[in-house]
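Beneath this line is the structure, given in structure tokens, with notes to follow.
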Amino acid sequence: MTDHQEQPQQPYYPPRPPYEPDRGPYEPFTEPIAAQPSAAEPFTTEHGTTIWPSGGHGGHGGHVPPAGPAPAPVPGPRRRAKRGVGLMAAVAIAAAAVGGGTATLVQQLAADPATTSASAPVAGTNVAARGAGTVAGVAEAVSPSIVEISAASNSGKSTGSGVIITSGGEIVTNNHVISGASEITVRLDDGRTFPAEVVGTDPDKDLALIELKGASGLKAASLGSSKDVKVGDEVVAIGSPEGLTGTVTSGIVSALDRDVTVAKDEDQGQGQRQYDPRQGWPFEFGGQQFNGDTGSSKTTYKALQTDASLNPGNSGGALINMNGEIIGINSAMYSPSSSSGSTAGSVGLGFAIPIDTVKADLDDLRSGGDS
């Protein structure tokens, strides 16, 4: 006969509420239980669970009926937070331990989906936008206002540049570009050509004003100020060196108030002045002569010095700041000759008449100047 062994009874533990991350660790169960009856009889808790006491030692133990479905937990008196907020709090703690990149991800996840789904517009760069402040932007804005000037005289034909200052066709250039010319032809940036006539000249400042015949609706350049120019300012030069219309170069202002001496060329009206147009107009600087003999009749003016590449044909063209404003009229450049007699390229030594000097002289030029 097989002995019957009594199985030990397991103590009863009331069911725990579901785990909630934001509520922290479980608190002890403190719900009061009704007074129990005598050990011989079963008793029922307030949750509706019946507990059967075990039998005495050596006898048959009390029978525990099969357990039914677990009763639904009774909500506690504590306030329940939203599960999403608790989850994000847990993720935020982990993010703080990993680093700033994860923390940023947490902020994005916690944000309103409607906000994060819309992408912000991407601003274009200055170069892509072709705006002010870039060489490309300046060239695009100012090139329509820069022209090529061809001047024919008894001594030959020379090429220079000019700047349109009115929509009707007034153009500022150097006096030495058109001095002594019997015929002047101007080519615009769009390829159109117009004849021009001299309005006034000022040999002392190496300035001249010409006007196109039959032109209208032209794009005039914006004249800036040269008094605020600083050494190191970025600049753009536009002109027609060697007849290459609309050539754009860039550099900086390398010095201010340089004393530049040029020929007044009082006798070129008769076409008697001879110089090599491949070398540019002769001038003096620092007690030295460049590009040939300046002659006996000279004039000196204060100039802006630039390292923007200038070559023969840039004379009369524009020196421009990065806002697209004209700050000078290019007038002289050093072009050293090689032993074979051909000219070398720009060596970064160019000079421009300050635009404030030009603006102060405009009324005199329009009235005929010294011509």
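Over the Cα atoms of segment 165-236, what radius of gyration and what Dmax do you get, in Å?
That works out to 14.2, 41 Å for Rg and Dmax.
Work out the FRET efficiency for Lys227 and Asp363 from their Cβ-Cβ distance, taking R0 = 25 Å, and round it to the nearest 0.05.
0.85
Using the 2.2 N^0.38 Å rule of thumb for compact globular proteins, work out how segment 139-190 stacks up: its C-alpha Rg over that value, please. All intermediate terms of the calculation are to be shown ahead of the outcome.
Numbers: Rg = 11.5 Å, N = 52, 2.2 N^0.38 = 9.9 Å.
In units of the 2.2 N^0.38 Å rule of thumb, it is 1.16.
Take Leu256 and Ser155, extend 7 Å from each Cα along the Cα→Cβ direction, and tell me the distance between the two endpoints in nm.
According to this spin-label approximation, the distance is 3.6 nm.
Using 0.36 nm times the number of residues separating Glu140 and Glu234, minus their current alpha carbon distance, what extension gain do you get?
Values: separation 94, 0.36 × 94 = 33.84 nm, distance 1.65 nm.
Result: 32.2 nm gained on full extension.
Using the per-residue mean of other Cβ atoms lying within 10 Å as a proxy for protection, in what order, highest first, do the peptides 244-250, 320-326 fall?
Working: 244-250: 18.9, 320-326: 21.4.
Ranking, from highest mean packing down: 320-326, 244-250.
Subtract the Cα-Cα distance of Asp293 and Arg192 from 0.36 nm times their separation in residues, and report this length gain in nm to one decimal. Intermediate values should be presented prior to the final figure.
Details: separation 101, 0.36 × 101 = 36.36 nm, distance 3.57 nm.
Taking Asp293 through Arg192 to full extension adds about 32.8 nm, to one decimal.
Restricting things to Cα coordinates, could you compute the convex hull volume per residue of segment 147-269 in Å³? Walk me through the intermediate numbers first.
Details: hull volume 14.8 nm³, N = 123.
Convex hull of Cα atoms, per residue: 120 Å³.
Readers should treat all values here as calculations from the given coordinates under stated rules, not as data from a laboratory. Being a predicted model, the structure only gives us computed values, none of them experimental. No Cβ is skipped: glycine too gets one built from the backbone with ideal geometry, and neighbour counts run over all protein chains shown.
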